[in-house]
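Enquirer: Can you keep this structure in mind? I'll have questions shortly.
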Amino acid sequence: MKIILLLYLIFSPLAMVFSAMPDVNARKISTAGNILEIQSGIFRYRIELCNSTMFRVRAASDKGFREDEHWMIIRYSWPEVQYKLTESKNGFIITTDDLFIDGTIEPFKLKVFTKDNKIIHADVDNVEYASGYKDDSAFCIKKLFPDEHFFGFGERMDFIDQRGKEVSLNVGRGIGADHMEGAYNILKANYAPVPFMMSTRGYGIFFHNSFQSDWDMGYTGSETYSFRAKGGELDYYFIYGPAFTSLMEQYTDLTGRTPLLPRFALGLHVGTYSGGTWGHEDLTSQYYVVQLARKLRELGIPADILHLDSTWRIFGKKSGKGGTSFEWRQPGFPDPKAMFDSLYAMNYQMVGLHIRPRIDNGEINNYLDMAQEAGITYPENGQPGDFPDFFNARATDWWWKHCLLPLAELGCRFVKTDEGSAFGRLGNEVNRTGPTGKEVEELHNVFPIAYAKAPFEHFMAFNGMRGMNHTREGFAGIQRYPFIFAGDWPSEWQYFQPVIRGGINSGLSGIGAWTHCMGGFEHVADPELYIRWCQFGMFSPVALLFGMEHPYYKEPWQYGDQALSVFREYDRLRYKLIPYMYSSWYTMYKTGTPIMRAMVFHHPDDPNTYAIEDQYYFGENFIVCPVTVKGAVSRTVYLPEGTWYDYSSGRQYEGRHYILVKTPIEKLPVFVKGGSIIPMQPVRQYIAAAPPDTLIFEVFPKGHSTFEYYEDDGISINYQKGIYALTKIECTETNERIYMRFHAAYGPYAAIHDNYLIKIHIDNKPASVTAHYKMAGVMLSAKKEQGSYGLTENSWTYDVQNRVLWISCRPDRMEGFSVEIQR
């Protein structure tokens, strides 16, 4: 009996667990290249140096260190980092070119210092373990410094500065029959959470864990903050900037950057229920879509992209509105191909269709039955489910071939992948959860990435052009498959500013390709709200007009003559700014810096910017200040350091001041930075493949400034192979002159422009204007015209009333040229 008992104790599962646990008294550090492993009590930690300013911290679970995943992170390989390791009895110091990492072994804790010995980050002191595992959760507790503020966490509608807040990150929205507490609850909105944040102390943390994570950013105490996940591994990246631009560049180096969309995707997107929203499906018609497109052209409203929302298809037999049958609704769509052909004949560049992730049977095609028989659906309770397994390439190939390819062959060029939150969670339109279990909890947050990736890549290959996907949900990494829209917010004043917050927070979290439904989605909008929201929409990274309210559908002519006039004015302004926005998008592709930027993004040392939730940078040069209060005739604006100009009036302001500006209904307050060089183009009704004959450069001289103007073919992925052109433009202002230098274009892409029209804001008429080319200088002739119209090549005129100098000259992109303005 004793022998049997002894054998049981030796070979029992419990004994095997304890035998696998490390000696609690063991203390050692081992190194292998950039990786250091530290045994600390019952935990085994790993520090991996990625570069001199970024390192990864992991704690092994009872299963060891997990294998690499590729939904959130795309880069795991790093070159050798030069560092020095100094060990002591119970500690170590890792020294890189930029940081000191001061660690203790028992217990394992880290402090991070800059090279000049300034502490920027520390694990908390007064607990046994500052990181590890407890109650099946991975956790980490950090010191909260008195001057520290936090930004990021994804598309959040609640706050910008999250110091003192609790933040829960799990894809979805509020649940409940009462929409005020459920779907419309800005505190529960989590369409695109991201476990990444940036601190005003110059560092960022990315928690590399796809389970639901909960962050206490000083809510329960003013001296610590913490984050934990309800499963998975303790695995986080520490990133030092100190500038937010550097933090974003490194974070998106890990998780991927937003590719360039087709250039025409920066034009207006229009969504439609084809004349029949829910409850009015019998009115849905392909002829309504064609007439809508034609009316936009007739009214001179530039637009490039259309999408048909959910009523284009019959609802599924199993899941109703929550399932996708991929079957055209009849009798409304007797000839979908003719509809697509008509739209493309009117120079709409892409037309797409709305889908949901659950596959379903229709009247003719039983795709759900076929998918289950093919074994490509994710299992539910041990049985075939109704979600295609988007994590499996065979499943996505089947889904494309049977469900999407027939639509693509008719003319569909992208899809709107709605409701990516439904996997492993109660569906918005289906009263059931679908797959469940611990694996599903881990996959729930990355499901929207897999769901967006499949059509993005398949349509890109089929169309032979850059990909584009219109999606609602996301997580860390979703920026690789643009773009995100903010969800279904009602057309009420109370939701307007939260949507602006959502865009600002998205940009702070690496999701730069973002949009929203101008005017709100549900309900008939107050015409004033409609105008204000559309003004904001035209200064968003992607401009989307889409509404559900029958029979108006947010169409601008439905909201009165003034709404139509203002909508058209700001839409046309957006189309003029396409070259500026496209250059800014290229910056986002190269560095991760978003187009829509929080004020704190450029000014983390200015506490005045921390709480600003209703103004933002649009690219490098503009500050946009939406009017979010009904009936407001003025609003307060904060201008940061520098010189700023009211874009509509030209009035000059000095920064680091609050100012009051008047806000008549037709005016969106926009300010442009002194020194700005803004590339523009003449207004077009759509974005043509060929570059414009004339480029316009609007200049606000101040000291010395530069801008890099980006061009490519606008449609292929050749830019990823270096086929593009960058033109550096400099402007230098002195008391005697203004000197502009257009450098030779860098890169093999050759765009031909016949004329440059330069618009310079200058107080007085100049004495002379000279263009300098490689071979000779050309004295430009002065004209009497007061504006740009009528200017011939190599001439100029001064508009006294608006204090603007117009210059027309011939560009030399091969050799470069300069323009000299003598005061």
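Enquirer: Which members of segment 426-471 meet the condition of being outside any loop (DSSP other than H, G, I, E, B), of a type outside the set (A, V, I, L, M) and closer than 19 Å to SER213 by Cβ?
Expert: Once the filter is applied, which keeps residues that are outside any loop (DSSP other than H, G, I, E, B), of a type outside the set (A, V, I, L, M) and closer than 19 Å to SER213 by Cβ, segment 426-471 yields LYS438, GLU439, GLU441, GLU442, HIS444, PHE447, PRO448.
Enquirer: Right, next: Within segment 580-597, which residues are among the β-branched types (Val, Ile, Thr) and in contact with a strand residue (DSSP E or B) (Cβ under 9 Å, 6 or more places away or on another chain)?
Expert: Listed by number, the residues that qualify are THR587, ILE595.
Enquirer: I'd like to check something: does segment 164-180 contain any residue that is in a strand (DSSP E or B) and β-branched (Val, Ile, Thr)?
Expert: Within segment 164-180, the first condition is being in a strand (DSSP E or B), and the residues that meet it are 166-169, 172.
Restricting the remaining residues to those that are β-branched (Val, Ile, Thr) gives 167.
The answer is yes, given that some residue of segment 164-180 is in a strand (DSSP E or B) and β-branched (Val, Ile, Thr).
Enquirer: Determine if segment 702-721 includes at least one residue that is part of a strand (DSSP E or B), among the hydrophobic types (A, V, I, L, M, F, W, C) and touching a Ser or Thr at 6+ places or on another chain (Cβ under 7 Å).
Expert: No.
Enquirer: Let me ask something else. Within segment 131-145, identify whether any single residue is at pLDDT below 95 and assigned to a loop (DSSP other than H, G, I, E, B), and answer yes or no.
Expert: Checking segment 131-145: at least one residue is at pLDDT below 95 and assigned to a loop (DSSP other than H, G, I, E, B).
Enquirer: Return the total of residues in segment 258-287 being buried (at least 24 other Cβ atoms within 10 Å of the Cβ) and of a type in the set (D, E, K, R).
Expert: 1
Enquirer: For segment 32-60, which positions are open to solvent by 40 Å² or more (accessible area, probe 1.4 Å) and of a type in the set (Gly, Ala, Ser)?
Expert: Within segment 32-60, ALA32, GLY33 meet the criteria.
Enquirer: Check segment 493-502 and report whether any residue there is buried (at least 19 other Cβ atoms within 10 Å of the Cβ), outside any loop (DSSP other than H, G, I, E, B) and charged (D, E, K, R).
Expert: Within segment 493-502 (the criterion being buried (at least 19 other Cβ atoms within 10 Å of the Cβ), outside any loop (DSSP other than H, G, I, E, B) and charged (D, E, K, R)), the answer is yes, since at least one residue qualifies.
Enquirer: What number of residues in segment 77-109 are open to solvent by 40 Å² or more (accessible area, probe 1.4 Å), aromatic (Phe, Trp, Tyr) and farther than 25 Å from LYS142 by Cα?
Expert: 0
Enquirer: Follow-up. Looking at PHE238, is it in a strand (DSSP E or B) and crowded, with 23+ Cβ neighbours inside 10 Å?
Expert: no
Enquirer: Restricting attention to segment 255-276, which residues are out of contact with any Gly (no Cβ under 9 Å at 6 or more places or on another chain) and not in a strand (DSSP E or B)?
Expert: Scanning segment 255-276 gives ALA265, LEU266, GLY267.
Enquirer: Residue under question is VAL194, and the condition is that it be surrounded by 24 or more Cβ atoms within 10 Å (Cβ to Cβ), among the hydrophobic types (A, V, I, L, M, F, W, C) and not in a strand (DSSP E or B); does it hold? Steps first, answer last, please.
Expert: Details: surrounded by 24 or more Cβ atoms within 10 Å (Cβ to Cβ): yes; among the hydrophobic types (A, V, I, L, M, F, W, C): yes; not in a strand (DSSP E or B): no.
No: the conditions fail for VAL194.
Enquirer: While we're on this one: Among residues belonging to segment 434-450 that are out of contact with any Lys or Arg (no Cβ under 9 Å at 6 or more places or on another chain) and not hydrophobic (A, V, I, L, M, F, W, C), point out the one that is surrounded by the most Cβ atoms within 10 Å (Cβ to Cβ).
Expert: My answer is ASN445.
Enquirer: Oh, and also: Among the residues of segment 101-108, is any free of Cβ contacts under 8 Å to residues at least 40 places away in the same chain and at negative phi?
Expert: Within segment 101-108, one or more residues are free of Cβ contacts under 8 Å to residues at least 40 places away in the same chain and at negative phi.
Enquirer: Still on this structure, please answer the following. Is it the case that segment 476-487 has a residue that's modelled with pLDDT under 95 and either over 14 Å from the mean Cα position of the chain (by Cα) or surrounded by 20 or more Cβ atoms within 10 Å (Cβ to Cβ) (or both)?
Expert: yes
Enquirer: Another one. Is it the case that ILE821 is over 20 Å from ASP693 (Cα atoms) and either open to solvent by less than 70 Å² (accessible area, probe 1.4 Å) or over 35 Å from the mean Cα position of the chain (by Cα) (or both)?
Expert: Numbers: over 20 Å from ASP693 (Cα atoms): yes; either open to solvent by less than 70 Å² (accessible area, probe 1.4 Å) or over 35 Å from the mean Cα position of the chain (by Cα) (or both): yes.
Judged against the criteria, ILE821 is a match.
Enquirer: Give GLU298, GLU327 a once-over and let me know the one that is out of contact with any helix residue (DSSP H, G or I) (no Cβ under 7 Å at 6 or more places or on another chain), open to solvent by 10 Å² or more (accessible area, probe 1.4 Å), at pLDDT 95 or above and more than 16 Å from ASP386 (Cβ to Cβ).
Expert: Within the list GLU298, GLU327, the selection yields GLU298.
Enquirer: Pull out all pairs, ordered by first then second residue, where Cβ-Cβ is under 8 Å, the residues are six or more apart or on different chains, the first lies in segment 284-310 and is farther than 17 Å from GLY547 by Cα, and the second is β-branched (Val, Ile, Thr) and part of a loop (DSSP other than H, G, I, E, B).
Expert: PRO302/VAL683; ASP304/ILE687
The values are calculated or read from the model by the stated rules, or taken from the named source; none is laboratory data. Just so you know, these numbers come straight off a predicted model, no measurement behind them. Glycine also receives a Cβ, built like all others from the backbone with ideal geometry; neighbour counts cover every protein chain displayed. What goes into the accessible areas is simple: the full protein's heavy atoms, side chains included, and nothing from ligands, DNA or RNA. Shrake-Rupley method; radii C 1.70, N 1.55, O 1.52, S 1.80 Å.
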